[in-house]
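Asker: There's a structure below that I have some questions on.
The values are calculated or read from the model by the stated rules, or taken from the named source; none is laboratory data. The structure displayed is predicted, hence computed values, not measured ones. Here the Cβ is made from the backbone with ideal geometry for all residues, glycine too, and neighbour counts use every protein chain on show. Protein only, heavy atoms only, side chains kept; ligands, DNA and RNA dropped before computing areas. Shrake-Rupley method; radii C 1.70, N 1.55, O 1.52, S 1.80 Å.
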Amino acid sequence: MTTTRWLAEYAWLPDDPEPTADVLIETIGGRITAVTPLADRAAPAAGVEVLADAVRLPGLTLPGLANAHSHAFHRALRGRTHAGRGDFWTWRDLMYTVADRLDPDTYLALARAVYAELALAGVTCVGEFHYLHHRPDGGRYADPNAMGAALVEAAAQAGIRITLLDTCYLTATVDGRALTGPQRRFGDGDAARWADRVEAFTPAGDHARVGAAVHSVRAVPADQLDAVVEWARRHDAPLHVHLSEQPAENDACRAVHGRTPARLLADHGVLGPTTTAVHATHLTSADVGLLGGSGTGVCLCPTTERDLADGIGPARRMAEAGSPLSLGSDSHAVADLFEEARAVELDERLRTRQRGHFAPAALRDAATVTGHAALGWADAGRIAPGDRADLVTVRLDSARTAGVPPVGVFFAATAADVTQVVVDGRVVVRDGRHTTVDVPAELVATIQAVISR
Ligand SMILES: [Zn+2]
């Protein structure tokens, strides 16, 4: 295989507090093989010849962004849920009407468009927290993993990697009420049958891997948690769980189990370095200690948390306690990891009336290397030899970014400023356009198909 040379006007290299100017990045196939700041080159005369064939990357080149928490079908609700009042629970009723209408074919088409939108935003890997497993009446498809397979195929067609976080979802409430109505298709009956179904699923393509998820303490009874943990640990798979997004969930958990959701998860071995708690919005100090002390990651989804009036999680305290932070677009109310990243800092400012909680490089890590690690891709999210050849280039000459120093990009850029995206060595976005998917047209067509039926 031949070497491809990319010459980045600026590149943000691992462990550096700021981007570096004029960096030569060499890739072979899907891997980065060498990273050389031109200022470090010993023999400029020899370099002229090498650089003649380099692909120029004007602007700032970042590692691939990882969207560690997605529910692809929620994208159909964007902009449709803002009339009247309501809260998370009324929004959820609307979301269920969309969930009820999807089948493997329509979900493939919708998710392909959603993941292509993510690619345009610089996302090279998505963690899909997937629980639309079965037919709307709860019956199995001929292939019981047909819906998961559709999502894996959608990611392939959109040109990004996916960790399918196959989600165990068994009950409607913390006190164990049965799934009814639109929730019936989420359920496998019990965790053993969930594990059997997941065990039988081998995703097609080396762009995909399977992880596990506990939907929440609402949806997985305490005596079923251990089986999910066992499956995840046996497969060395990432394990994700929605945690304390809503005070009502905490109240119900205390009433039934006499402890917080974080404590319940800790008592059943759910927490640990390969586990990611999603949201972690309403925590006690002891909960923060349980997460951080066990090295459990936390995936913050600030644009969804604000959209659903969830609240602001204790991001700084969780990071200080030892939880690596990652980011997710969750409901896709917004698909922009720059916005998610700066919200981590800016929400903390609103709460504390103090600035400067997270350095720019910390926000970059949340959007890149930590997110990839949370999804089980330890070899992605850094511009470093041996890592996957994911390169996301952000223009510094748009109306938003002009005059902004490269280190300020997470406070200035939007997804619209991403000009080129390389995933595993393949160009997926060029000149701000997806190379194979007409993203707006496919979004319109696929959303109309599930909204207006
Ligand atoms: Zn979620």
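Asker: Across region 189-230, what is the total count of residues that are part of a loop (DSSP other than H, G, I, E, B), open to solvent by less than 50 Å² (accessible area, probe 1.4 Å) and among the polar types (S, T, N, Q)? Reasoning before the result, please.
Answerer: Narrowing region 189-230 to residues part of a loop (DSSP other than H, G, I, E, B): 189-190, 200-207, 215-221.
This time we only want the ones that are open to solvent by less than 50 Å² (accessible area, probe 1.4 Å), so: 190, 201, 203, 205, 207, 215-221.
Right, trim to among the polar types (S, T, N, Q) and you get 216.
The total comes to 1.
Asker: Scan region 266-291 residue by residue and report those that are open to solvent by 10 Å² or more (accessible area, probe 1.4 Å), more than 16 Å from the ligand (Cβ to nearest atom) and under 21 Å from the mean Cα position of the chain (by Cα).
Answerer: Leu271, Pro273, Thr274, listed by residue number.
Asker: Any residue at all in region 367-381 that's outside any loop (DSSP other than H, G, I, E, B), open to solvent by less than 20 Å² (accessible area, probe 1.4 Å) and over 18 Å from Thr304 (Cβ atoms)? Give the derivation first.
Answerer: In the first step, residues of region 367-381 are kept if they are outside any loop (DSSP other than H, G, I, E, B); the result is 367, 369-374.
Imposing the further condition that a residue be open to solvent by less than 20 Å² (accessible area, probe 1.4 Å) reduces the set to 367, 371-372, 374.
Pick out the ones that are also over 18 Å from Thr304 (Cβ atoms) and you get 372.
Checked against the condition, which is being outside any loop (DSSP other than H, G, I, E, B), open to solvent by less than 20 Å² (accessible area, probe 1.4 Å) and over 18 Å from Thr304 (Cβ atoms), region 367-381 yields at least one hit.
Asker: Here is a follow-up. Give the residues of region 293-323 that are in contact with an Asp or Glu (Cβ under 8 Å, 6 or more places away or on another chain), open to solvent by 10 Å² or more (accessible area, probe 1.4 Å) and more than 16 Å from the ligand (Cβ to nearest atom), sorted by residue number.
Answerer: The answer is Ile312, Arg316.
Asker: Does region 307-322 contain any residue that is part of a helix (DSSP H, G or I) and modelled with pLDDT under 95?
Answerer: Scanning region 307-322 turns up at least one residue that is part of a helix (DSSP H, G or I) and modelled with pLDDT under 95.
Asker: So which helices (runs of 4 or more DSSP H) are wholly in region 28-135 and hold at least 1 residues that are within 29 Å of Leu165 (Cα to Cα)? Don't jump to the end; show me each part of the working.
Answerer: Details: elements: 44-51, 88-99, 104-120.
By residue number, 88-99, 104-120.
Asker: Now for a different question. Being among the hydrophobic types (A, V, I, L, M, F, W, C) and within 16 Å of the ligand (Cβ to nearest atom) is the filter here, so list the residues in region 216-242 that pass it.
Answerer: Once the filter is applied, which keeps residues that are among the hydrophobic types (A, V, I, L, M, F, W, C) and within 16 Å of the ligand (Cβ to nearest atom), region 216-242 yields Val217, Ala219, Val220, Leu239, Val241.
Asker: Are there any pairs with C-beta distances below 7 angstrom linking a residue in region 33-57 that is modelled with pLDDT of 85 or more and among the small types (Gly, Ala, Ser) to a residue that is assigned to a loop (DSSP other than H, G, I, E, B) and open to solvent by 50 Å² or more (accessible area, probe 1.4 Å), with the two at least 6 apart or on different chains, and if so which?
Answerer: As it stands, the answer is Ala34/Pro385, since those pairs meet every condition given.
Asker: Take the residues in region 243-265 that are closer than 22 Å to Ala343 by Cα and open to solvent by 10 Å² or more (accessible area, probe 1.4 Å); name whichever of them is nearest to the ligand (Cβ to nearest atom).
Answerer: Glu245
Asker: While we're here: Looking for something more than 30 Å from Thr419 (Cα to Cα), in contact with a strand residue (DSSP E or B) (Cβ under 7 Å, 6 or more places away or on another chain) and either of a type outside the set (S, T, N, Q) or outside any loop (DSSP other than H, G, I, E, B) (or both) - is there at least one such residue anywhere in region 335-355?
Answerer: No.
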